[in-house]
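Q: Dumping the structure here so I can ask a few things about it.
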Amino acid sequence: MTKLTDEDREWIRLVGRELAFAVFKEAIPAHEATCPHGQKLIKLKWMMIGIGIGIPLASAGLVAATIKLFPAIAAAL
C-alpha cells in the first residue's frame, strides 16, 4: 500500500471541507423545512427565545409597578 503524500492529504481535507459546507448550507435547511421533527425544533427554539426575553421584561415591569405602589401605600397608612 502506498502512503499518502502531503498533496494527497491536502486534497482530501479540502474535498471533505467542501462537502461539509455543502451539507450545512443546503441539506440541513432543506431537511428542517420538510421534516416535522425539524419544524418542531424550530418552534421550540423560538419559544425558548420568547420565554428568555419575556420573563425578564415581565419581571422588570412588576418591579417598576411595585416601586410606584410603595409611595401610594405609605401615604394611605
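Laboratory data are not the source of any read-out in this text; all were calculated from the coordinates shown. Because the structure is a prediction, the values reported are computed rather than measured. Backbone-built Cβ (ideal geometry, glycine too); neighbour counts: all protein chains shown.
Q: Compactness ratio of region 36-77: Cα Rg over 2.2 N^0.38 Å, N = residue count? Intermediate values should be presented prior to the final figure.
A: Working: Rg = 18.2 Å, N = 42, 2.2 N^0.38 = 9.1 Å.
Normalised Rg, Cα atoms only: 2.00.
Q: How compact and how long is the chain, expressed as Rg and Dmax of its alpha-carbon atoms in Å?
A: Every Cα atom of the chain included, Rg and Dmax give 27.5, 93 Å.
Q: Treating only the Cβ atoms of Lys and Arg (+1) and Asp and Glu (-1) as charged, compute the dipole magnitude of the chain about its Cα centre; round to the nearest 20 debye. Before the final figure, lay out the partial values.
A: Values: 9 positive and 7 negative charges, 95 e Å.
So the dipole magnitude of the chain works out to roughly 460 debye.
Q: With θ taken as phi - 60° and the coefficients 6.51, -1.76 and 1.60, list the Karplus ³J(HN,Hα) couplings across region 17-32 in order, rounded to whole Hz; mark glycine and proline as x.
A: 5, 4, 5, 4, 5, 5, 5, 5, 7, 10, 6, 5, x, 5, 5, 4
Q: In nm, give the distance between the simple-model label positions of I51 and E26, each being 7 Å from the Cα along the Cα-to-Cβ direction.
A: Modelled inter-label distance: 3.7 nm.
Q: Mean residue ellipticity at 222 nm from the helices of the chain, using -39,500 (n - 2.57) per DSSP H segment of n ≥ 4 over the full residue count, to the nearest 500 deg cm²/dmol? Provide the component values of the computation, followed by the final result.
A: Numbers: 3 runs with 65 residues, N = 77.
Mean residue ellipticity at 222 nm (helix-derived): -29500 deg cm²/dmol.
Q: Same structure again: Could you pull out the trypsin sites (Lys or Arg not before Pro) across region 1-60 that fall in loop regions by DSSP (anything but H, G, I, E, B) with no more than 14 other Cβ atoms inside 10 Å?
A: In loop regions of region 1-60 (DSSP not H, G, I, E or B), the sparsely surrounded trypsin sites (Lys or Arg not before Pro) are K3.
Q: If you build a Gaussian network model of the chain, linking Cα atoms that sit under 10 Å apart, which residue out of I49, I12, I28 swings the most?
A: Greatest mean-square fluctuation among the candidates belongs to I12.
Q: OK, next. Apply the Karplus curve 6.51 cos²θ - 1.76 cosθ + 1.60, θ = phi - 60°, to the phi angles in region 68-77 and return the couplings in whole Hz, x for Gly and Pro.
A: Working through the residues one at a time gives 6, 7, 4, x, 5, 5, 5, 5, 6, 7 Hz.
Q: What's the extension gain from R13 to S59 if we count 0.36 nm per residue and subtract their Cα-Cα distance?
A: Numbers: separation 46, 0.36 × 46 = 16.56 nm, distance 5.05 nm.
That works out to 11.5 nm of additional length.
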